[in-house]
Amino acid sequence: METHKEIYRAEALELLADLETSLLALEETPEETELIGRVFRALHTIKGSGAMAGFDDIAAFTHDIETVFDLIRNGKLTVTKSLIDLVLRAGDQIRTMLDESHSDAAETAGITKALQQLIPVTQEAATVPRNPEPEKEGAQQEKIFRISFRPKREIFSRGTNPLLLLNELRDMGECTVIAHTENIPDLQDLDPEECHLSWDIILTTRHAKDAIKDVFIFVEDECELEIQVIDVPGIEDGPYLPRKLGQILIDRGLISRSDLQEALGSQKRIGELLVDKGLLASSMVEVGLAEQEHVQAVRSKHLREEQASSIRVRADKLDTLVNLVGEMVTVQARLTQAAASLDNSELLSISEEVERLTAELRDNTMSIRMLQIGTTFSKFMRLVRDLSGELGKDIALITEGGETELDKTVIERLNDPLMHLIRNSIDHGIESPEARLRAGKPRQGTVRISAMHSGANVLISITDDGAGLDAAAIRAKAVEKGLIDSETELPEKELFSLIFAPGFSTARQISNISGRGVGMDVVKSSIDALRGSIEIASKRGVGTTFTLKLPLTLAIIDGLLVQVGDGHFVLPLSSVEECVELTREEVSRSHGRRLTCVRGELVPYIRLRERFFLNGQSPEIEQVVITDTTRGRVGFVVDKVIGEHQTVIKNMGKMYRNVDAVSGATILGNGSVALIVDIPKVVESAELQEMSLN
């Protein structure tokens with residue numbers, strides 16, 4: 001079971017990601033009030049939730065950042081690049097502080113000092129917090145009020161019983177009442193007809209402020225009354241979250257910050273020390289403690305209610321659920337096969353119902369794992385900003401299609417290859433501002449990341465408007481490294497793909513960013529591991545585009561089950577276009593060329609029997625499964641097409657790790673194993689074999 005600290009860490013990392021995105025956008029539009037509000041809300045929640053989860057150091061550290069952005073909201077400070085730099089550093093430091101064993105106290109102190117220098121001296125004495133939203137009669141939003149009720153001594157003689165007023169407040173909601181008794185005189189001086197008491201009330205209610213004032217309507221002239229909203233538990237950008245006692249006392253104007261700092265240096269409790277020094281009455285300490293406990297209790301209640309409707313689930317539990325669903329899909333296939341072989345109508349009806357429910361469960365479970373890729377895109381805003389500054393370039397990152405959804409596992413494993421591609425575009429692709437101006441381009445370069453669905457796949461493009469790939473330099477380097485012969489002529493598309501070879505780099509100088517040739521081969525291997533493909537399109541002087549084609553999920557796919565001899569194979573259904581027959585007469589007419597005519601179009605084909613070295617005789621009429629690949633339409637010749645199959649992907653063992661032709665395996669209803677064909681790899685291998693023969 002997750003602890004409060006683990007839950008807070010997960011939430012804080014999400015908030016920090018949003019904070020970073022907002023700060024980078026704010027740097028471009030420093031007057032945008034909505035962005036300023038987003039930054040403030042993120043800081044506010046990190047601070048308040050940190051105090052509740054026991055991260056007091058984070059709460060204290062974030063307080064000064066929040067104060068700075070509160071001043072910005074009020075127009076007392078302006079957003080500058082140096083301020084954005086400082087707050088980005090602060091965000092990095094909060095990430096470090098979340099890992100309590102790696103906190104850097106010196107860095108924390110340095111950032112805090114820099115932040116406090118931005119806060120005017122007038123801010124040191126805290127003012128009464130403003131209302132988080134305008135008061136409206138009949139408003140239904142639950143709020144927490146602090147009511148200070150100081151009746152005059154002669155209130156009894158007017159026929160008023162203050163206890164009845166307090167009871168009315170209790171009827172309006174959850175109420176904490178603190179009585180102040182320090183003004184009660186000694187017994188010999190006590191006048192029983194005079195009131196020597198006063199009260200502070202912390203009230204949680206859905207009633208408006210005017211309704212509370214109405215309780216005291218007949219005693220307005222007989223008391224000092226103050227009513228303030230101190231918290232709105234249901235919103236995140238209110239001016240108050242549960243804080244430590246000292247901060248509450250400062251906010252109420254009961255002590256100064258210097259008195260608090262002096263008290264913090266003592267081993268005594270803050271309240272006890274302040275009372276001992278005569279700076280504060282014990283009843284006021286009691287008020288501060290009561291307020292802290294009341295607000296924290298209400299916020300905890302709201303948090304539990306929110307978690308009841310939307311819960312956070314550990315990733316490993318979700319993975320276990322997907323694995324169990326996968327096992328259920330396999331068992332369901334066995335049930336369907338058994339029902340068909342027994343030819344029992346009742347059992348067939350049950351198996352069809354189980355198949356329908358299993359499909360719904362599968363789709364539902366997979367949808368839970370689907371996340372928007374925009375979160376990953378936003379992480380690269382900081383990368384582009386920092387690298388641009390380091391290289392002296394002016395580069396903007398534009399993202400499109402952030403709402404496109406992908407499996408959680410795919411997104412997690414995409415981070416590194418996307419980072420390498422963006423770094424490559426920034427360092428090798430986009431020219432310096434001076435070179436761009438000489439070439440007639442805008443001074444600012446652009447890197448664009450876009451995502452879109454394409455059937456059961458997602459296409460992700462990384463485009464830059466830089467210098468483009470130098471085909472001549474790539475060819476020369478490939479010849480130097482022995483990848484191709486000096487006489488070999490390659491189409492531009494295949495020539496560009498050589499940059500994915502290990503250790504390949506055309507950079508003249510090695511920098512901290514790139515030039516060692518260890519980035520692009522990582523990209524290729526990572527995309528291959530995701531059963532995806534990558535294409536390059538580039539024009540000299542115009543720019544380069546890398547296009548990744550990735551499956552939506554790595555767990556369960558729809559496949560086409562085929563048979564070759566005694567073996568079974570699965571072709572991903574998302575790549576299958578159609579199936580056609582291939583007769584021996586048609587094969588003989590092709591005179592050894594492996595081509596079939598599909599409605600007037602010649603389509604090359606690959607025989608899976610030969611590719612997997614399977615023995616046996618082919619049937620008189622074979623089947624060709626036509627697939628759509630990055631290299632065009634390609635057919636796969638099989639003995640028999642069995643039909644669609646829900647394919648639960650199982651990883652291959654270590655012995656098969658380097659077998660490029662298959663991307664995994666699945667278990668069929670009869671318990672046998674079917675290999676999942678890696679279509680791009682098989683096509684690539686067949687092309688290389690054809691080239692070597694020619």
- Message: Please determine whether any residue of the range 418-434 is farther than 18 Å from ASP464 by Cβ, modelled with pLDDT of 85 or more and of a type outside the set (Asp, Glu).
- Response: no
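Would you check which residues across the range 393-449 are of a type in the set (D, E, K, R) and assigned to a strand (DSSP E or B) and list them? Break it down into steps so the answer makes sense when it comes.
First, pick out the residues of the range 393-449 that are of a type in the set (D, E, K, R): 393-394, 400, 403, 405, 407-408, 412-413, 416, 423, 427, 431, 434, 436, 438, 441, 443, 448.
Correct list: GLU400, GLU405, ASP407, ARG448.
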- Looking only at the range 634-649, decide whether some residue is assigned by TED's automatic domain parsing to the domain that holds SER685, over 36 Å from the mean Cα position of the chain (by Cα), surrounded by 16 or more Cβ atoms within 10 Å (Cβ to Cβ) and charged (D, E, K, R). yes
- Please work out which one of (1) touching a residue at least 24 places away in the same chain (Cβ under 8 Å); (2) farther than 18 Å from ALA555 by Cβ is the condition VAL354 fails and give its number. (1)
- Message: Every residue in the range 311-348 that is part of a loop (DSSP other than H, G, I, E, B) and out of contact with any Asp or Glu (no Cβ under 8 Å at 6 or more places or on another chain), please.
- Response: ILE311, VAL313, ASP343, ASN344
- Every pair of residues 6+ apart whose Cβ atoms lie under 9 Å, when the first sits in the range 616-632 and is at pLDDT 90 or above and surrounded by fewer than 16 Cβ atoms within 10 Å (Cβ to Cβ) while the second is of a type in the set (A, V, I, L, M, F, W, C) and part of a strand (DSSP E or B): ILE621/LEU582
- Query: Can we say ASP210 is surrounded by 11 or more Cβ atoms within 10 Å (Cβ to Cβ) and either in a loop (DSSP other than H, G, I, E, B) or in the same structural domain as GLU293 (by TED's automatic domain parsing) (or both)?
  - Reply: yes
- Message: Can you say whether THR62 is polar (S, T, N, Q), within 28 Å of VAL298 (Cα to Cα), modelled with pLDDT under 85 and out of contact with any strand residue (DSSP E or B) (no Cβ under 7 Å at 6 or more places or on another chain), as far as the supplied structure shows?
- Response: no
- Counted residues, the range 579-615 - those being assigned to a loop (DSSP other than H, G, I, E, B) and either within 17 Å of GLU684 (Cα to Cα) or without any contact (Cβ under 8 Å) to a residue 40 or more places away in the chain (or both): 9
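Could you check the range 26-40 and list, in sequence order, the residues that are over 18 Å from GLY75 (Cβ atoms) and buried (at least 17 other Cβ atoms within 10 Å of the Cβ)?
GLU27
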- Query: Considering LEU357, LEU383, which residue is surrounded by fewer than 19 Cβ atoms within 10 Å (Cβ to Cβ), part of a helix (DSSP H, G or I) and assigned by TED's automatic domain parsing to the domain that holds ILE422?
  - Reply: LEU383
- Message: Testing VAL177 on (1) assigned to a loop (DSSP other than H, G, I, E, B); (2) modelled with pLDDT of 85 or more, one condition comes back false. Which one is that?
- Response: (1)
- Working only within the range 450-462, note down all residues that are outside any loop (DSSP other than H, G, I, E, B) and out of contact with any Phe, Trp or Tyr (no Cβ under 8 Å at 6 or more places or on another chain). SER450, MET452, HIS453, SER454, ASN457, VAL458, LEU459, ILE460
- Query: Is the range 649-660 home to any residue that is closer than 30 Å to ARG362 by Cβ, touching a residue at least 40 places away in the same chain (Cβ under 8 Å) and either among the hydroxyl-bearing types (Ser, Thr, Tyr) or part of a loop (DSSP other than H, G, I, E, B) (or both)?
  - Reply: yes
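Please go through the range 80-110 and pick out each residue that is under 26 Å from the mean Cα position of the chain (by Cα) and of a type in the set (A, V, I, L, M).
LEU83, ILE84, LEU86, VAL87, LEU88, ALA90, ILE94, MET97, LEU98
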- Which of (1) without any contact (Cβ under 8 Å) to a residue 24 or more places away in the chain; (2) β-branched (Val, Ile, Thr); (3) in contact with a helix residue (DSSP H, G or I) (Cβ under 9 Å, 6 or more places away or on another chain) does ILE449 not meet, given it meets every other one? (1)
- Message: Considering only the range 117-125, I want to know if a residue exists there that is outside the structural domain of VAL232 (by TED's automatic domain parsing), crowded, with 20+ Cβ neighbours inside 10 Å and either under 26 Å from VAL232 (Cβ atoms) or within 24 Å of the chain's Cα centre (by Cα) (or both).
- Response: no
- What residue, of VAL479, VAL458, is modelled with pLDDT of 80 or more and in contact with a Lys or Arg (Cβ under 9 Å, 6 or more places away or on another chain)? VAL458
- Message: Can you say whether LEU608 is modelled with pLDDT under 90, surrounded by 12 or more Cβ atoms within 10 Å (Cβ to Cβ) and not aromatic (Phe, Trp, Tyr), as far as the supplied structure shows?
- Response: no
- Counted residues, the range 135-154 - those being surrounded by fewer than 17 Cβ atoms within 10 Å (Cβ to Cβ), modelled with pLDDT of 85 or more and either farther than 17 Å from GLU226 by Cβ or of a type in the set (A, V, I, L, M) (or both): 2
- Query: Restricting attention to the range 194-207, does a residue exist that is charged (D, E, K, R), assigned by TED's automatic domain parsing to the domain that holds GLU222 and over 53 Å from the mean Cα position of the chain (by Cα)?
  - Reply: yes
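The values are calculated or read from the model by the stated rules, or taken from the named source; none is laboratory data. In this text, all values refer to a predicted model and were calculated from it rather than measured experimentally. Positions of Cβ are backbone-derived with ideal geometry, glycine not excepted, and every protein chain shown enters the neighbour counts.
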